[in-house]
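Down below is the structure, laid out as structure tokens.
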Amino acid sequence: MKRILYIFLSLVVVFAGLESCSDDQTYAEQKNKERNAIDAFLRRDVTIVGPAGDTICNVGVIKVISEQEFFAQDSTTNVDENEYVLLASSGVYMQIVRQGVGEKIAKGETRQIVCQFVEYNILGDSLQLRSNVNYWATNPDIMSVTNTSGTFSAKFVTSNQSGPMYQTYGEEKVLDGWLSPFPYIRVGRQNSEDAEIAKVRLIVPHTAGQSNAASNVYPCFYEILYQEMR
């Protein structure tokens, strides 16, 4: 009952955080509204806070770099300068905070990855969902990620009651935006104090987002930790 109540409240937050679009608003107008929200977010120096007023993360003013610049600096983003690379094919903005420990997922390989994340509705200017709380400590989202000739796909593992992303949106398929970092990060386990697992920040447009974002045309900011399962 407690879990059902949490999911219900999460969905209330999802819908309450949206700036609802009127029925006469065209898809083109909705996309333009989303584009303006992303452009403003890049310049806003946003700090995301929790319900208790605690700081979850400071996004800061974002410096956008091209894919050419990204590849020229060995597929990294300068965190000190708060760089994000714009991935032209998807419209996702990506910052690699830490490349992680272990190895990249090789071609032909499938691995199970545990995710810890914060989801922030950019258009609604609201914290929407987070897994880095005690409530979800025993039920994180787990992705089964496959590299097929350099193209990544993934599904949420739905056994053991699953995690907040799957329980809130009910989608087994992992949103495309979450797969963007895998060509550039290593996924292992934190087996020592100085072994830092992969950490990324993403701005995901509705076209690469979860089902609610896709149907309501809004972008989300994510901070995600990726760690390989034992």
Checklist entry - Whose amide H sits under 5 Å from the amide H of residue 122, counting only residues 5 or more places off or on another chain, with H placed in the peptide plane? => result 220, 221
Item to check | Share antiparallel - DSSP beta bridges, the chain, percent rounded to 5 | outcome: 95 percent
Checklist entry - Which ³J(HN,Hα) values in Hz, rounded to whole numbers, follow from the phi angles of segment 37-49 under the Karplus curve 6.51 cos²θ - 1.76 cosθ + 1.60, where θ = phi - 60° and Gly and Pro get x? => result 5, 5, 4, 5, 4, 4, 9, 8, 6, 6, 10, 8, 10
Item to check | Amide H contacts under 5 Å for residue 57, placed H, 5+ residues apart | outcome: 48
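Tell me, what is the FRET efficiency for residue 214 and residue 52 to the nearest 0.05, using R0 = 25 angstrom and their Cβ-Cβ distance as r?
Numbers: r = 31 Å, r/R0 = 1.22.
E between residue 214 and residue 52, to the nearest 0.05, is 0.25.
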Checklist entry - What order do you get for 127-135, 179-187 when each peptide is scored by the mean count of other beta carbon atoms within 10 Å, highest first? => result 179-187, 127-135
Checklist outcome for this item: Between residue 24 and residue 207, the FRET efficiency computed from the C-beta separation at R0 = 30 Å comes out, to the nearest 0.05, as 0.85
Checklist entry - Whole-Å semi-axes of the chain's equivalent ellipsoid, largest first, each the root of 5 times a Cα gyration tensor eigenvalue? => result 25, 23, 17
Next on the checklist: Take residue 89 and residue 107, extend 7 Å from each Cα along the Cα→Cβ direction, and tell me the distance between the two endpoints in nm.
Outcome noted: 1.4 nm
Checklist entry - Which pairs, out of 33/107; 107/173; 31/107; 63/173, put more than 29 Å between their alpha-carbon atoms? => result 33/107; 31/107; 63/173
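According to the square roots a ≥ b ≥ c of the eigenvalues of the Cα gyration tensor, what is the shape class of segment 67-108, taking rounded for a/c under 1.5, prolate for a/b larger than b/c otherwise, and oblate for the remainder?
Taking the square roots of the gyration eigenvalues as a ≥ b ≥ c, segment 67-108 is oblate.
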Item to check | Pairwise label distance in nanometres, residue 195 with residue 75, each label 7 Å out on the Cα-Cβ vector | outcome: 2.2 nm
Checklist entry - Of all GluC sites (Glu not before Pro) in segment 44-90, which ones are in loop regions per DSSP and have a Cβ with at most 14 other Cβ atoms within 10 Å? => result 81
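No lab work stands behind these numbers, since they all come straight from the coordinates. A quick note: this is a predicted structure, and the numbers were derived from the prediction, not measured. Ideal geometry is used to build each Cβ from the backbone, glycine not excepted, and the neighbour counts take in all protein chains shown.
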